[in-house]
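Structure first, then comments.
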Amino acid sequence: MAKLLTGTVDMTVGTPWKKILQFTMPMLIGNIAQQFYSTVDTIVVGRYATHGDNAIASVGSALPILNMLLVLFIGISAGASVMVAQYFGAKNRKALSITVGNCITATAVASLGLIAIASPFIRQVLVFLNTPENILQGCYEYLMISLIGIAGMAYYNILSGILRGLGDSFSALVYLLIATVINIVLDIYFVAVLKMDVAGVALATVIAQAISSILCLIKLSRMKQHFDFGFKYLKPMGSYIKTLVKLGLPSGLTQAIISSAMIIVQSLTNQFGEQFIAANVIIMRVDGFAMMPNFSFGMALTTYSGQNVGANLYDRVTKGAKQGTLMAVGCSTVITGVILLFGKDLMGVFTETTELVNLAARLMVILAVGYIAMAVTQSLSGIMRGAGDTMTPMWISLITTVAVRVPLAYGISYLTATESLPNGKKECIQISLLCSWVIGAILTVIFFSRGKWKSKAIK
């Protein structure tokens, strides 16, 4: 049993749904643990910071900008996962070794460049987005500490992506659980004991993620049965960097588009005041857990598709896509039911302010059914990405975000504005997001069914 859990998973053999589930479960637990980072941050600042609800709002306003800063690494991670999965499936040891080394180098260069470029402009961006004055300093401190420690966050995401590409989702889980415990302890110490408020939350997360990335690196250095790990593989090689960019850029752009939309919508959100900002932060925390099965199945199916495409087993890819999507939809249906039945109880974990709990619960109900649509989108997009077609999911995200979500949010806000509601109805944010999810699922099914992703394997 220990060997089954800790070893790599060869997804080119065996019953597809069993292999997908075997790979997904550790990753799902890991993703849930990672979500605890943000959730514990919110609970701790909400209950122990000097001004709890404002501290929650500070973290929430900072997150869309932080997500934008991470898009480079999301792209590298996505490209690395696909390359590693396909080379692992093809049993190409040399290409696999060079890919791992080049990913490590690319991450170091990107981290240093981002710190140098972004740090002078953080405060100006917050002011531009109409961040309320009483939470602006907290947002600034959170973002600056996160930026300085961004290498730890980046390396964990990328190195765990490499481990997943190799079929090892368990090791990343163990390291993330260790880091989560450290994060919780440091959160409480920095905020409740040292009274560092929002800055303490950011510092705890940076330290915890740095530890998890170091553990991932040690694990990779010991996987010599699959590839070679040494300094000579750190030297950038043009063809591999080009493939990494080709595969990863669409995913990075996708996240950039989503993050840009979040920043634009955040400007609208800020106009509704601190309580609405705090309500949205609470919703995002619950949303993070609700999305975990979707993201987990999506990443599992990326690895599944990559390995089987590398082994030229396309019929097996199609069979796994159907079985994996059905499992993801089943999980999301259960989660939707839980949200509809216990929404207020979930929101009450984060704050004791009754009005805030009621507002967050009401808004969360709007999103609930959308998780089923996202199960379809994430699963089938994972198959396409694993096969090397990272462009199609990018275009779908572009359409649903730029052409649907942002215009709809501002449109509803404008059309529902009255003298008593000068910014319109607050529900505009959630309604626009739900519509973008549903349209995205429809488009994903259409493009997956066309089958052009089958011709995108790495040559």
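Tabulated values for the structure
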quantity: Stokes-Einstein diffusion coefficient of region 350-397, Kirkwood radius over Cα pairs, 10 °C, 1.306 mPa s, in µm²/s; calculated: 121 µm²/s
quantity: Principal axes of region 366-459: Cα extent on each, largest first, Å; calculated: 61, 22, 16
quantity: Accessible surface of region 205-276 [probe 1.4 Å, protein heavy atoms]: carbon and sulfur percent; calculated: 66 percent
quantity: Cα gyration tensor shape of region 206-278, rounded if a/c is under 1.5, else prolate or oblate by comparing a/b with b/c; calculated: oblate
quantity: Alpha-carbon Rg with Dmax, taken over region 144-300, Å; calculated: 18.4, 56
quantity: Cα shape, region 255-294, gyration tensor, a/c 1.5 rule; calculated: oblate
quantity: Ellipsoid semi-axes in whole angstrom, largest first, where each is sqrt(5λ) of the Cα gyration tensor of region 21-93; calculated: 36, 17, 6
quantity: Region 332-459 - percent of accessible surface contributed by carbon and sulfur, probe 1.4 Å; calculated: 68 percent
quantity: Expected-Rg normalisation [2.2 N^0.38 Å, Cα atoms] applied to region 60-186; calculated: 1.24
quantity: Calculated [θ] (222 nm, deg cm²/dmol) that DSSP helices of n ≥ 4 give over the chain, each run adding -39,500 (n - 2.57); calculated: -27000 deg cm²/dmol
quantity: Nearest-10 value in Å² for the accessible area of Arg362, using the 1.4 Å probe; calculated: 120 Å²
quantity: Å² of accessible area per residue within region 226-308, as computed with a 1.4 Å probe and no ligands counted; calculated: 35 Å²
quantity: Accessible surface of region 52-192 [probe 1.4 Å, protein heavy atoms]: carbon and sulfur percent; calculated: 73 percent
quantity: Environment charge at Thr303 (Cβ cut-off 12 Å; Lys +1, Arg +1, Asp -1, Glu -1); calculated: +1
quantity: Residues of region 312-356: accessible area per residue with a 1.4 Å probe, Å²; calculated: 56 Å²
quantity: Solvent-accessible surface (1.4 angstrom probe) belonging to Asp345, in square angstrom, nearest 10; calculated: 110 Å²
quantity: Area accessible to solvent at Asp10, 1.4 Å probe radius, in Å²; calculated: 50 Å²
quantity: Solution diffusion estimate, µm²/s, Stokes-Einstein, region 302-459, Kirkwood Rh from C-alpha pairs, 37 °C, viscosity 0.692 mPa s; calculated: 187 µm²/s
quantity: Radius 12 Å from Cβ of Val13, net charge of other residues (Lys, Arg +1; Asp, Glu -1); calculated: +2
quantity: Ratio Rg/Rh, restricted to the chain and using Cα atoms, in which Rh is the Kirkwood radius; calculated: 0.96
quantity: Cα gyration tensor, region 239-367 - rounded (a/c under 1.5), prolate or oblate; calculated: oblate
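The values are calculated or read from the model by the stated rules, or taken from the named source; none is laboratory data. What you see is a predicted model; the values in this text were computed from it and never measured. Please note: Cβ atoms are built from the backbone with ideal geometry, for glycine as well, and neighbour counts cover all protein chains shown. Calculation scope for accessible area: heavy atoms of the full protein, side chains included, ligands and nucleic acids excluded. Shrake-Rupley method; radii C 1.70, N 1.55, O 1.52, S 1.80 Å.
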